[in-house]
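Working notes, structure below.
FYI, it's all coordinate maths here, none of it is from the lab. Quantities reported herein were computed from a predicted structural model and do not represent experimental measurements. Neighbour counts run over all protein chains shown; Cβ positions are idealised from the backbone, glycine included.
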Number of protein chains: 2
Amino acid sequence: MELRNDPLLGRSVIVAPGRAARPHAFAPQSIADADPDCPFCPGSEHTTPGELLAFREVGSLPNSPGWRVRVVPNKYPAIARNDVVPNDEISGDTSICEPDCVQPAYGAHEVIIESQRHVEGLTGLSDDEAAEVFIAYQQRLQAAKADDRLRYATIFKNVGPSAGASLAHTHSQLMAMSSVPRSAQAELDRARDYFDRNGRCAFCDLIERERKAGVRIVEETDELLVLCPYVSRLPLEMCLLPRKHSAQFEQISAESLAHLAHVLRSALTRLEAVLGRVAYNYIIVTSPFDTLSTGHYHWRIEVLPRLTTMAGFEWGSGCYINPVPPEEAAAMLRRRQLAASFRR
Amino acid sequence: MELRNDPLLGRSVIVAPGRAARPHAFAPQSIADADPDCPFCPGSEHTTPGELLAFREVGSLPNSPGWRVRVVPNKYPAIARNDVVPNDEISGDTSICEPDCVQPAYGAHEVIIESQRHVEGLTGLSDDEAAEVFIAYQQRLQAAKADDRLRYATIFKNVGPSAGASLAHTHSQLMAMSSVPRSAQAELDRARDYFDRNGRCAFCDLIERERKAGVRIVEETDELLVLCPYVSRLPLEMCLLPRKHSAQFEQISAESLAHLAHVLRSALTRLEAVLGRVAYNYIIVTSPFDTLSTGHYHWRIEVLPRLTTMAGFEWGSGCYINPVPPEEAAAMLRRRQLAASFRR
């Protein structure tokens, strides 16, 4: 067993391969079957809020069938463009808090419906279809950035109930906020600090080091690197990074977007080859909108298979227990098959 | 909706009551039924590693029936007292890392079996039985502290599969490590910083402020306060704190331990009155063993009902979405019933 600390991302993980022998420790959780009343299937456009963006067949009308990708506000938003003045009476005396301890949760919460077909993830789409999804991601991020009050946004995908998905039909979500969450800001501060001390981007250095070590690389192209992070919190966790320094996902070219969609699909296809149908999340992590100098940060996509459950230890200590060393995970993903030691 | 930041604990939460209307957003997850082959029931003592501590009937033999509380090493440990030298070849060039980036995961992982009876949690025990469990907690923490190589320990309980429990029979776990995990250390540093700036314990100040505000208090005794934290990450999250400054759980008196067991049982009984059988974790958070001055820190117990699933947004941003304002949660827990707005 090893304790691995990531000083940049502020993570601690115990790599404990013996735990994989524990009953149910490494059990892919099946994901939901199709919902006959799916609100994201064509013909149900009226059941969602009105569309913000759609890539459509010529002649088709908004909020009707004929779309390939469709973006709508989340019907049950976690955040909205409403001003709610925090209730000081409820907050009580906030003298312990910094000025931004409480604020109205101004923001946007959107759903990107990725296909008319009731498929479950990016692997159910073609490369061309996936590329159009990434164009939608970028356009919605740019739209959020155009709102001066929004500073931070992320795009994420939940596949399977145990990954937080309430609907099976392939979709992603955008959340944009007027401030940067605490732990995201702490990561940005550490990246800035590394840059100030070393004059280089910490993620660029990481990429160089990982390419030299080789053992955690899953896939590499001229533009992109997919690896299992040295401090992987979860079994078969992957991270996709642009090899060339790039801090803002919303600024990459259309060609790079199409290539990215292809490589992410390929990584997810590897994941499914190893584990079968599996619940997972992916998250696009990119610079806050108001970042003026961007030498210190690097956008990335994190892929998080949900094979394990966060228990009391992880909640209490912030330390994760990972039964699959990332070096073994990368080897399995490269070979597209589960290692014999994990077969049951 | 409000965005609430906790500068001390480094947490951000969007309080989004509208989300509770979302299908399945607030669904208590049922917990497993009894396992006929339970390894923690009397008669199965030989199926666990040999006991480290047991409170027994006079004349009963170690590793045989006759115990009331029994502590054994975890059969599938996440950490152990083995030295494993990190493999430099696998780590590759760790020049980006600080000196403690990787280290052998030296530590202890123990299971506290809390009753001979196959019940599911502290609420299935009497006050006297629960008090004995807390004596076992304290003795095992003291035993870990006696090992000079151990610096950090936590005791936690997982109830229900969705809270990470693989066995239903009531039990808790102790994890002790030779270093403090990153995010736990960051919290300690912030508490130290607050103390240096203000000359007071941040948690003592919090207790004073919360008692004045009143709206988040669930239960209060001469010694203890149970509240729903202002920045609650989860619906009906609770925090139990000693009202008088106390940094080290392992040093509190036997009388205080018995009172604590009673108050925690009462808080969990309230939780079950509101939600029925529910998956949850609780975690004892206390000072690292080698803390010399303890003016800045305060032990606590966090109670985390597992009604929601961590999805991509939470993983990516570190920001939680909580559909139940802690003020409403505290009111429901005080009244021991679900508010009409959450009934389905």
**Prompt:** What is the order of A:55, B:289, fewest Cβ neighbours within 10 Å to most?
**Reply:** A:55, B:289
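State the antiparallel share, in %, of DSSP beta bridges confined to chain A, rounding to the nearest 5. Mind dumping the intermediate values first?
Values: 46 of 51 bridges.
Of all bridge pairs located within chain A, approximately 90 percent are antiparallel.
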**Request:** Between beta-carbons, use under 11 Å as the cut-off and find the net charge around residue A:116, counting Lys and Arg +1, Asp and Glu -1.
**Result:** 0
**Extension gain from residue B:46 to residue B:292, taking 0.36 nm per residue of separation minus the Cα-Cα distance** = 84.5 nm
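Under Stokes-Einstein, with the Kirkwood radius over Cα pairs standing in for Rh, what whole-number D in µm²/s applies to the protein assembly as shown at 25 °C and 0.890 mPa s? Write out the running numbers ahead of the final one.
Numbers: Rh = 26.1 Å.
Value of D from the Cα-based Kirkwood radius: 94 µm²/s.
Averaged over all directions, how much area does the convex hull of the C-alpha atoms of chain B cover when projected, in nm²?
On the way: hull surface 77.7 nm².
That works out to 19.4 nm².
Just add up the charged neighbours of residue A:67: K/R +1, D/E -1, any other residue whose Cβ is under 13 Å from the Cβ of residue A:67. Don't jump to the answer; show the numbers that get you there.
Working: positive: A:56, A:68, A:70, A:117; negative: A:45, A:51, A:57, A:114, A:129, A:132.
Once positives and negatives cancel, what remains is -2.
For chain A, what does the helix formula give at 222 nm: sum of -39500 (n - 2.57) over DSSP H segments with n ≥ 4, over the residue count, nearest 500 deg cm²/dmol? List each step's numbers first, then the result.
Numbers: 7 runs with 90 residues, N = 344.
Estimated from H runs of four or more residues: -8500 deg cm²/dmol.
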**Request:** Can you tell me the order of A:291-302, A:221-232, B:212-223 when each peptide is scored by its average per-residue count of other Cβ atoms within 10 angstrom, highest first?
**Result:** A:221-232, A:291-302, B:212-223
**Ranked B:111, B:119, criterion: other C-beta atoms within 10 Å, fewest first** = B:119, B:111
**Asked** For residue B:2, which sequence-distant residues (separation of 5 or more, or a different chain) have an amide H within less than 5 Å of its own amide H, given hydrogens modelled in the peptide plane?
**Response** A:105, B:15
**Request:** Report, to two decimal places, the Cα Rg of the range B:194-274 normalised by 2.2 N^0.38 Å (N = number of residues).
**Result:** 1.15
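Where Rh denotes the Kirkwood radius from the mean inverse Cα pair distance, what is Rg over Rh for the range A:136-271?
On the way: Rg = 16.2 Å, Rh = 16.9 Å.
With Rg and the Kirkwood Rh in hand, the quotient comes to 0.96.
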**Prompt:** Once Rh is set to the Kirkwood radius over Cα pairs, what Stokes-Einstein translational diffusion coefficient, in µm²/s, holds for the range A:225-337 at a temperature of 10 °C and a viscosity of 1.306 mPa s?
**Reply:** 104 µm²/s
**Asked** What does the average come to when, for each residue of peptide B:160-169, you count the partner chain Cβ atoms lying within 10 Å of its Cβ?
**Response** 3
**Message:** If I take every Cα pair under 8 Å that is 6 or more residues apart in chain B, average their sequence separation and divide by the length, what percent do I get for the relative contact order?
**Reply:** 23 percent
**Item:** Using θ = phi - 60° and Karplus 6.51 cos²θ - 1.76 cosθ + 1.60, couplings along the range B:187-201 (whole Hz; Gly, Pro as x)
**Value:** 5, 4, 5, 5, 5, 4, 4, 4, 4, 5, 6, 10, x, 9, 6
**Asked** When a footprinting reagent is the concern and you count Cβ atoms within 10 Å, what order do A:196, B:193 take, fewest first?
**Response** A:196, B:193
**Request:** Name the residues whose placed amide hydrogens come within less than 5 Å of the amide hydrogen of residue B:119, ignoring near sequence neighbours (fewer than 5 apart) on the same chain.
**Result:** B:170
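Across the protein assembly as shown, how many lysine pairs, 8 or more positions apart or on different chains, have C-alpha atoms separated by under 19 Å? Please give the number. List each step's numbers first, then the result.
On the way: A:75/A:157; A:212/A:244; B:75/B:157; B:212/B:244.
Final tally of qualifying lysine pairs is 4.
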**Label-point separation, residue A:142 to residue B:339 (7 Å along Cα→Cβ), nm** = 4.2 nm
**Prompt:** How well do other chains shield peptide A:7-16, expressed as the mean number of their Cβ atoms within 10 Å of each residue Cβ?
**Reply:** 5
**Asked** What is the distance, in nm, between label points placed 7 Å from the Cα along the Cα-to-Cβ direction at residue A:198 and at residue A:243?
**Response** 1.9 nm
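Find the percent of Cα-Cα distances in the range A:287-341 that exceed 17 Å, and round it to a whole number.
Working: 917 of 1485 pairs.
It works out to 62 percent of all Cα pairs.
Within 10 Å of each Cβ in peptide A:179-189, how many partner chain Cβ atoms are there on average? Round it to a whole number, please.
Working: counts 4, 4, 14, 12, 8, 5, 4, 4, 1, 0, 0.
Rounded to a whole number, the mean comes out at 5.
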